[in-house]
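None of the figures in this text is laboratory data; all of them are computed from the coordinates on show. Since the structure is predicted, the reported quantities are computational estimates derived from the model, not experimental observations. Positions of Cβ are generated from backbone atoms using ideal geometry, with glycine treated the same way; all protein chains shown enter the neighbour counts.
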Amino acid sequence: MAQNALARERLFALRETIAKLEGKPAPALAAAEREALASGKETRQAAQCNGRGLRLPFGVTSLDEAMEGGLPLDAITEIRSSLLRNAGAACGFALAAAALLQRLEENDGDRSPILWIGDTISTMEAGLPYAVGLQDFGLRPDCFLFALPRKLEEALWLAESAVESGAFSVVILEIRGNPAHFGLTESRRLGLRAKAAGRPLFLLRQAGEEEASSAVFRLLAEPAPSGMRSLPNGSRLAGSIGNPVFRLSLEKSRNPAPLSLLLEWNPHERQFFPVGEPRHALTPDERSAYPGAQFSASTDRQDRPQKMGTFLAFERAS
């Protein structure tokens, strides 16, 4: 009995601490959680009745199996880029997943728009959404909304309100790095909103490190070389650039086995296709039609880093 009372007291203290971090009393926090759980159950039942489902399958067997059916449509999915120069790849994969969801919803007669909440610093590197480019990528520009808040607090408020409204097919929140004002508490609050509304939230973390969050899955999106463009007769056009290819790594999931694969996005069919590892050595008939002149190697460039030899790992002092 004493142990049960002590455990109950610790649980109440933990709830009070969480409530203070979120700026509301403990009873209100408990009521909000109960309301979110109840609304989530009703939303899941309604979604299953409408045939919308709670997962967005990629159409790639290995990835869908590792993600238990695909991207969750009532939770947070984090898409990360390790470097800011790879922001285009992370943005492209997030937009491709949004276009895939938009295609499935159009088949059910749903024309809900997509909301992109951008980050000011990231847009300086990756640029702003362009209507013609979105259309070529497989999205509908008339169903795409873009917002660029000046502060992180405004972006979080907008994301919570947009997800809670349920008016958007998906909300994409772009954040640069690992800001101190966006931690586990803010991520948990967004997760509760997504669960209650039954709508997905893509957390696009540009040039950020892995950290604890309420995201169900975390994906590392990196650029990969594209193949050559396919012709109607099945051949390849030499010197051309085909569909975009992403190197996707599943970093957080219930599947303990690591998964990394290459996915090609076909904007016309709005579908992902798995591709093999690129070949770096090309045959003469596969080389560019206009190769240009070959330049000699620079003589005063920096030396290549030497390979690390054998090393001994010492135990930590503390």
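Couple of notes before you dig in:
- Legend: ranking of residues V171, V245 from fewest to most surrounding C-beta atoms inside 10 Å; resulting order V245, V171.
- Taking segment 204-242 and a reference point 7 angstrom along Cα→Cβ of I121, the backbone N atoms nearer than 16 Å belong to 204-210.
- Linear extension gain, M228 paired with L184, 0.36 nm per residue minus alpha-carbon span: 11.6 nm
- Highest-first arrangement of 132-138, 87-93, 219-225, where packing means the average Cβ count within 10 Å: 87-93, 219-225, 132-138
- Between segment 78-110 and segment 198-238, the Cα center-to-center distance that results, in Å: 7
- In whole percents, the pair-distance distribution calculated for segment 69-187 from its alpha-carbon pairs, binned every 5 Å from zero, is 2, 10, 21, 25, 23, 13, 5, 1, 0.
- Footprinting exposure proxy for I121, I241, I79 (fewest neighbouring C-beta atoms within 10 Å first): I241, I121, I79
- Taking other C-beta atoms within 10 Å as the exposure proxy, E209, E186, E174 rank E209, E186, E174 from fewest upward.
- Contour excess over end-to-end distance, with Cα ends at E210 and S62 and 0.36 nm allotted per residue: 51.0 nm
- Subtracting the Cα-Cα distance of E277 and Y130 from 0.36 nm times their residue separation leaves 49.9 nm of extension gain.
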